[in-house]
Amino acid sequence: MTLGADPPLTIAVCSNRPDLLPGAVARTAAAIGPQDRLLIIADMPAQHLPALPTSSSPQLSRIRVLCNEENQGLAHSRNKAMKEATTRHLVFLDDDIIPTAEALARMRAALAAGAHITGTRITAHLQGHRRPWFLTSGQLHYLGSHAPARPASIWGGSFAVDSEHARLLGVGFDERLGRIGGSLTSAEDTTFVREMTARGATATILHDAEVRHLIPAHRLTLAYLLRRAFWQGRSEARRNDARRGIGKEWGRNRSGDGARPVRAALAVLYTASVLLGVCWEVITRRQTGATDAETRGGR
C-alpha cells in the first residue's frame, strides 16, 4: 500500500471514566485534521455514557462511539479500536490528554515517512497544584508523563500505529495488562511497542513534539504514587519481565531532581513498592495455579 503525503488518521480515545469523556471529545475534536475520524471506545455500559458535545462542525460530525457494555479493560479497548478503525493509521490518546494539531501533524508525518509506530513527549500539567516533595522528576512516569530532562519514549497516552502492519506482524495488546476496573495495571502500551520492534517494525520517537497530561490532585499523594508503583511491579511480573523491570524502576526513581539524600530515599521507597508488587503477583499466580490444579484433579 502506497502512503499519501497526508494520510488520514483515526483518533481513538479509550475511556472507562464517563466524567472525563466530554472534555476529551471537545479537546480532541479541536485538534484533528479535515480527513480524520474520532473513535470513542467507552469501556462501560451504554447507560453510563455521558452526553457528548454536539455541533454542526465537521469535526464533531465525524465521531463514532462504541460501548463495551461492561468494563473489559484498556488493552481490550485498544484492540477493539484497531479492529474498528476505518483508516490504516490510528492515534491513541488518553482521555486526560490535551492534544495539539501540531502533535497530530508530527505523528501523521512520521507515519507517512514509513514509521510503523510513533509517539510524542507527554508533559505533566499539574493544573495549578504544587508538586509535592515526594514527587521528583524520577517519579513522573507514575503519572504517565516524561521527565523533562530525559529522552522521551513511546507511551500509551499519545502514540500512533500502522494498524495494518501490526496485523501483518500478528501483534496486539496483551489483555492481561492495562487498566481494568479499579486496578492500576499498566504496560500494555510498552509491551506492544516492544513486540512490534522485535518483529522488525520501525519506531520513531518525536522528542520535541509535545502533548500535556492533566494530573488531578488525588494523584499527587504519596498513597496514590506508592499504589501506582506497586501495580507497576505487578505488571512487570505479569509480562514476565520482573528482573529487568525492577532495575528499570530503580534507575528511573533515583534519576530525579532535588537533593541527593531525598532522591535516594525516595528511590528506595518507590522501588520497594515495585518489588512488593512483583512478589504479590508471583504469589497470586502460584496460588491461582495451585487452585486450578486442585480443581482439575477433583474432576
Options Ala124, Ala109: the member that is over 30 Å from Ala264 (Cα atoms) and open to solvent by 10 Å² or more (accessible area, probe 1.4 Å): Ala109
Looking only at the range 127-176, and only at residues there that are farther than 21 Å from Met196 by Cα and hydroxyl-bearing (Ser, Thr, Tyr), the one that is surrounded by the most Cβ atoms within 10 Å (Cβ to Cβ): Tyr142
Selection count, the range 155-194, where residues are part of a loop (DSSP other than H, G, I, E, B), hydrophobic (A, V, I, L, M, F, W, C), more than 10 Å from the chain's Cα centre (by Cα) and farther than 15 Å from Lys83 by Cα: 3
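Could you look through the range 196-230, keep only residues that are in contact with a Ser or Thr (Cβ under 6 Å, 6 or more places away or on another chain) and either open to solvent by 40 Å² or more (accessible area, probe 1.4 Å) or of a type in the set (Gly, Ala, Ser) (or both), and pick out the one that is farthest from Val161 (Cα to Cα)?
Going through the range 196-230, the residues in contact with a Ser or Thr (Cβ under 6 Å, 6 or more places away or on another chain) turn out to be 203-204, 206, 209-213, 226, 229-230.
Still in the running and either open to solvent by 40 Å² or more (accessible area, probe 1.4 Å) or of a type in the set (Gly, Ala, Ser) (or both): 203-204, 209-210, 212, 226, 229.
Numbers: Ala203: 9, Thr204: 10, Ala209: 16, Glu210: 17, Arg212: 20, Leu226: 31, Ala229: 27 Å.
For the range 196-230, the residue satisfying everything is Leu226.
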Asp257, sole failed condition from (1) more than 14 Å from Thr185 (Cα to Cα); (2) crowded, with 16+ Cβ neighbours inside 10 Å; (3) of a type in the set (Asp, Glu): (2)
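Can Ala265 be described as assigned to a helix (DSSP H, G or I), at negative phi and open to solvent by 50 Å² or more (accessible area, probe 1.4 Å)?
Details: assigned to a helix (DSSP H, G or I): yes; at negative phi: yes; open to solvent by 50 Å² or more (accessible area, probe 1.4 Å): yes.
Yes, satisfied.
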Residue match in the range 185-197 (condition: within 20 Å of Ala149 (Cβ to Cβ) and touching a strand residue (DSSP E or B) at 6+ places or on another chain (Cβ under 6 Å)): no
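The values are calculated or read from the model by the stated rules, or taken from the named source; none is laboratory data. The model shown is predicted, which means the values in this text are computed figures rather than measured ones. Heads up, the Cβs are rebuilt from the backbone with ideal geometry, glycines too, and the neighbour counts pull from every protein chain shown. Areas reflect the complete protein model, heavy atoms only, side chains present, ligands, DNA and RNA absent. Shrake-Rupley method; radii C 1.70, N 1.55, O 1.52, S 1.80 Å.
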